[in-house]
Amino acid sequence: MNEERRATRRQVLEVAAQLLEEGGSEAVSTRAVAAAAGVTAPALYRMFGDKDGLLTELAAYGFEMYLTEKREALALTPDDPVADLYRGWDLHVDFGVQHPAFYMLMYGTVQPGRRPPAADEAHGLLVRLLRRAAETGRLRVPVEQATRVIHAATTGATLALIGEAPSERDLTTSARLRDTVIASVTTDPPAPSESDLASRALALDAALENALTSGSPAVGTEVPLRDTETALLRDWLQQLAG
């Protein structure tokens, strides 16, 4: 795709985003977008196929907005993975409340196996925060389980708040749920040195996964185990954490 076509596509998405913010997904008709962007309907169809294709691209555009805001905000927080989980929750909910039509498009119309790349990146950001928490002994359940719990809770809280009239919306509901959910999957610092076998097992499992997936060993040396041995060790660690 040449620069001119890329710029036109971006312009169309920006116009569609404005219509979405102002009137919801019903306002994003191909005719309205084409007229507002100053392009012909055939040109719009060539770019996106149909309205469903346009909405799919618009959801990806929303995830890009969300990731930009979240990266910038998390970069300002202390190097504390659990504090970042609290901050990440608030950023997620705030984005949904500030951009309800985008949020509904991004999270309210999800279909299995059809997440845009930016949605995978948003998911990966949560996984990385939880993996860091596990590596420092601050996680009491496996990373995958904690990811599912936090993702489900933040999404549910945000959709519930969006469904309320702004005058009746109480953000302390989200804060209370946040505190309960994050406390259920993390431990207080410092982790107990003798009794907290589960968090120690999870920390070692996270370090092994980091070494295996990143190509940069977490403890300064390659994992001196065969694949079958590593898999068995990780299974033991998961059982200890259970």
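For region 8-35, which residues satisfy the criterion of being open to solvent by 60 Å² or more (accessible area, probe 1.4 Å) and farther than 19 Å from Pro100 by Cβ?
Arg10, Gln11, Arg31, Ala35 - these are the residues of region 8-35 that are open to solvent by 60 Å² or more (accessible area, probe 1.4 Å) and farther than 19 Å from Pro100 by Cβ.
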Checklist outcome for this item: Among residues of region 167-186 being open to solvent by 60 Å² or more (accessible area, probe 1.4 Å) and among the hydrophobic types (A, V, I, L, M, F, W, C), the residue nearest to the chain's Cα centre (by Cα) is Leu177
Checklist entry - In this structure, is Pro78 open to solvent by 80 Å² or more (accessible area, probe 1.4 Å), modelled with pLDDT under 90 and in contact with an Asp or Glu (Cβ under 9 Å, 6 or more places away or on another chain)? => result yes
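Given the structure, is Tyr86 open to solvent by less than 80 Å² (accessible area, probe 1.4 Å) and assigned to a helix (DSSP H, G or I)?
Numbers: open to solvent by less than 80 Å² (accessible area, probe 1.4 Å): yes; assigned to a helix (DSSP H, G or I): yes.
Considered against the rule, which asks whether it is open to solvent by less than 80 Å² (accessible area, probe 1.4 Å) and assigned to a helix (DSSP H, G or I), Tyr86 comes out as yes.
Being at pLDDT 90 or above, under 21 Å from Asp235 (Cα atoms) and in contact with an Asp or Glu (Cβ under 8 Å, 6 or more places away or on another chain) is true for just one of Arg131, Arg138. Which residue is that?
Working: Arg138 fails: in contact with an Asp or Glu (Cβ under 8 Å, 6 or more places away or on another chain).
Arg131 is the lone residue from the list that is at pLDDT 90 or above, under 21 Å from Asp235 (Cα atoms) and in contact with an Asp or Glu (Cβ under 8 Å, 6 or more places away or on another chain).
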Checklist entry - Arg71: open to solvent by 20 Å² or more (accessible area, probe 1.4 Å), within 30 Å of Arg138 (Cβ to Cβ), modelled with pLDDT under 85 and assigned to a helix (DSSP H, G or I), yes or no? => result yes
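Being at pLDDT 70 or above, outside any loop (DSSP other than H, G, I, E, B) and touching a strand residue (DSSP E or B) at 6+ places or on another chain (Cβ under 6 Å) narrows it down to one of Leu232, Leu202, Leu177, so name that one.
Values: Leu232 fails: touching a strand residue (DSSP E or B) at 6+ places or on another chain (Cβ under 6 Å); Leu177 fails: touching a strand residue (DSSP E or B) at 6+ places or on another chain (Cβ under 6 Å).
Answer to the selection: Leu202.
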Item to check | region 82-99 residues that are free of Cβ contacts under 8 Å to residues at least 12 places away in the same chain, paired with ones that are among the β-branched types (Val, Ile, Thr) and open to solvent by 10 Å² or more (accessible area, probe 1.4 Å) (beta carbon under 9 Å, 6 or more apart) | outcome: Ala83/Thr77
Checklist outcome for this item: Apart from one, (1) more than 22 Å from the chain's Cα centre (by Cα); (2) crowded, with 16+ Cβ neighbours inside 10 Å all hold for Gly38; the odd one out is (2)
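The values are calculated or read from the model by the stated rules, or taken from the named source; none is laboratory data. Everything numeric in this text was worked out from a predicted model, so none of it was measured. So basically every Cβ, Gly included, is an ideal-geometry build from the backbone, and we count neighbours across all protein chains shown. When the accessible area is computed, the model is the full protein with side chains, heavy atoms only, and any ligands, DNA or RNA have been set aside. Shrake-Rupley method; radii C 1.70, N 1.55, O 1.52, S 1.80 Å.
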